[in-house]
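As structure tokens, the structure follows; a few thoughts come after it.
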Amino acid sequence: MVSQPSIFTSALPDHTQLPESDGTFVKNFQEHSQSVPLTDSIRPRLEQLHPDGHYAIGQDSGIYWRLTEPPERGALAPDWFYVPDVVPLPPGQYRRSYVLWQELIPPLVVLEFVSGDGSEERDATPYTGKFWIYERVIRPAYYGIYEVQKAAVEVYELAAGRYRQLASNCRGHFPIEGMGVELPWLRWWDADGQLLLCGWEQVERLEQRAELAEQRSAALAQKLRELGVDPDQP
């Protein structure tokens, strides 16, 4: 059971009192980015896992892990993250950021998209390096580093308090325990190796199926006419 915030933690600032932007990296939960396909395709699966809606997805959003001055220095802003079992905010409200001392539940998955050589994302310097902060403080069960220039991904799993790099499976994917999904390059797949479609891809597939069914129906009707049968007669 997750413990409730103490009097001390409730006196600390929450997401409404902390900056949601420092002009460079901290955005908010409503921000659209290159991580939108990840969110769009995984949302149906998360709705199955959380029929009560108790989960959160962040895109380029700040995760506050300690109090600093200025406050935004105490936050990291992964490109994408997912937190299970978080009570949603009332309709019309959204999280400006994710505040660990307020929410208490760590993310399950954190993903960083790297435009450089990835040294910042692998920096294990205590209290300042991203890798150290994720491993020792924020503690997502899975930490993924995408290197855009190499079109490559590394995934680390938290085990006994330390990250170990995962080996890919036979499909070249990284299984995410408990979600029934696998993570390759910038997309989700299910445990059977099927690509999880984005909303527009699902619509496109339905339209293709409808068009194919219409073509088959027209071909059958033409065949019946050639046999002297009127397909329009009941």
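A few comments on the model shown:
- Cβ-to-Cβ counts within 10 Å put GLU112, GLU157 in ascending order as GLU157, GLU112, the fewest first.
- Dipole of segment 7-196 [Lys/Arg +1, Asp/Glu -1 at C-beta], most positive-end residue of THR128, ALA77, PRO184: THR128
- Sequence of VAL148, VAL229, VAL181 once ranked by neighbouring C-beta atoms within 10 Å, starting from the fewest: VAL229, VAL148, VAL181
- For segment 118-167, applying the loop criterion from DSSP together with a ceiling of 11 other beta carbons within 10 Å to the trypsin sites (Lys or Arg not before Pro) yields LYS150.
- Taking 0.36 nm per residue of separation and subtracting the Cα-Cα distance, full extension of the segment from VAL148 to GLN165 would add 4.3 nm.
- Among TRP132, TRP80, TRP185, TRP65, the ranking by other beta carbons within 10 Å of each residue's beta carbon, starting with the fewest, stands as TRP185, TRP132, TRP65, TRP80.
- Applying 0.36 nm per residue to the separation of ALA124 and THR16 and subtracting their alpha-carbon distance, the gain on full extension is 35.9 nm.
- Segment 7-196, dipole about Cα centre (Lys/Arg Cβ +1, Asp/Glu Cβ -1), debye to the nearest 20: 240 debye
- Binning the C-alpha pair distances of segment 56-119 at 5 Å intervals from 0 yields a P(r) profile of 4, 16, 25, 24, 17, 9, 3, 1, 0 %, listed from the shortest bin outward.
Readers should treat all values here as calculations from the given coordinates under stated rules, not as data from a laboratory. Just so it is clear, the structure is predicted and the values come from calculations on it, not from any experiment. As a convention, Cβ positions derive from the backbone with ideal geometry for all residues, glycine included, and neighbour counts pool all protein chains shown.
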